[in-house]
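Everything below concerns the one structure shown next.
Laboratory data are not the source of any read-out in this text; all were calculated from the coordinates shown. Since the model is a prediction, treat every value here as computed from it, not as a measurement. Glycine also receives a Cβ, built like all others from the backbone with ideal geometry; neighbour counts cover every protein chain displayed.
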Amino acid sequence: MSYQKCLKYITFLTLVLLVFVCEQTMGSSMDKDATTTLAVTSHTDGEDTASLPDFDDDGTVGVSDFLIFTRVFGSSQGDGKYEARYDLDADGKIGLSDFFIFIQHFGKQVPSDGGDGGGSSTNPRTVRMIYFLPNDRPYRAEVVRWMKEDIRNVQTFFAEQMQAHGYGNMSFRFETDTQGEPLVHRVDAQYPESHYYSTVDNQRVWQYRHFDELEQVFDFYRNTYVIYSDTDLSWGGSITGGYTWKETGWVDYRKLRYTGWPDWKTLAHELGHAFGLAHDFRDGAYLMSYGGPSQFPDAEKPDRISACAAKLLSVHPSFNSDIPIGELSPATIEQQRSSSILEKNHPPVDLQDFSPPTIEILFPTEYPAGSRNVFIKFQISDSDGLHQVLLYTTPGIGVPWATGGLRECRVLEGEINIVVEFDYDGSLPLAAPSFLGTKSSLINPLHLILVRVVDRDGNSRFMQFSLTKA
């Protein structure tokens, strides 16, 4: 027997003995509550593998990970030591069953970040994919295949677009297996599809109840997630992270049955939101639009990102490894969890991590009746150097970042302190969606404005206010 094998067996026996002692000391945790168990399977092209328990993120499941594991061993949901990351079988308790899962992976290495833009789940800049399957839905292998094809297409699309805008071969990473293939985590849900709906005025509305289950297993505040939900609802959505735009996001698809599969550009659009891109209706060819206006049947379909979007992505940590990132505080995570879905659909305005830029309004927010335009002026500053200013607007009630979309952006070159002015006439962009109407001007009494300032480290400051007619 080789020295390496002998050492591994000795280490294994030592771990078993230590866990036995812990088990006797802390009490048995073998009882399972089946109602809280999620079945999670990670699908590669030839085998099923579980996410590796590399708790110290050093790339290998080893002794240091075991020592971390022993600190939480015996804990369960509701006590101070329990953390879902260490509950490897997601039964609400960290016990022997989790230990046996850990031992199966002891000595393994986490898939590398190399190979065609792939990445490991321990890298917080990684996009991970989940196939969420209500318990009255059959598993469909073609869904997993489509997911893998889509994520590759989207990664290539962003790389080509960033290249076209002069930023080089820059794109996001997605989680891969040891062969460099996209990794999909199948989650067998606890309930039938109807559990994840509510009925409002005879309309079935998708509720975000699946997040309650998924958060038992996945850390939504560490990576970006693409969730394909096998349901009948036909709309998708994206929820972005916190104030500094450097945390995380997730994309959620529905309606994977009956009507076929969404185009990969739909995934690209929703991932764009997760990466911090707002709607951009200035041109129907932009990815972040809905296509050309319906009154023009020959209008272009979305096939590119704007120069403004490329500039923004160039300092996003998922695209640029030189951009620093940090851990969210427990208070920030709790704020995000307790926020309503509406609040989560645009960046919150009260989180101040990573020292974002400052904004000061230099104009009155009330304009005289009969005005044809308003000059919107700001004093902005940042000690790290300013990168970009973006103006989002929408007439009437709505969310500027999501519904009205991007109105205008300015490129900056590292200035520390500068005054920026926008000329706003209240009109709608050419490719604005029909739900905003066909016309708008300053005759409308209310315009919601959101300004966003980005520094060279990718930090953002948002300020939202109302522009009203006197």
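Just a few scattered comments:
- Fully extended contour minus Cα-Cα distance, from Ser194 to Arg145, at 0.36 nm per residue: 15.1 nm
- Around the amide H of Arg407, modelled in the peptide plane, lie the amide H atoms of Leu391, Tyr392, Thr393, all under 5 Å away and 5 or more residues distant in sequence or on another chain.
- Lys377-Asn320 FRET efficiency (beta carbon distance; Förster radius 30 Å; 0.05 resolution): 0.50
- Net length available on complete extension from Lys108 to Arg152 is 13.2 nm, with 0.36 nm assigned per residue and the Cα-Cα distance removed.
- Protection proxy ranking, peptides 447-455, 264-272, average beta carbon neighbours within 10 Å, highest first: 447-455, 264-272
- Two-site label geometry, Lys439 and Ile361: point separation in nm, points 7 Å out along Cα→Cβ: 2.8 nm
- Measuring r between the beta carbons of Ser427 and Asp56 and using R0 = 60 Å, the FRET efficiency lands at 0.65.
- Size of electric dipole in the range 355-469: Cβ of Lys, Arg +1 and of Asp, Glu -1, about Cα centre, debye, nearest 20: 500 debye
- Ranked packing of 313-319, 409-415, 64-70, 282-288, most packed first, by mean Cβ within 10 Å: 313-319, 282-288, 64-70, 409-415
- With a simple spin-label model that places each label point 7 Å from the Cα along the Cα-to-Cβ direction, the separation between Ala84 and Ala164 comes to 3.8 nm.
- Subset of Lys301/Lys439; Lys148/Lys301; Lys93/Lys265; Lys265/Lys377 violating a 32 Å alpha-carbon distance limit: Lys93/Lys265; Lys265/Lys377
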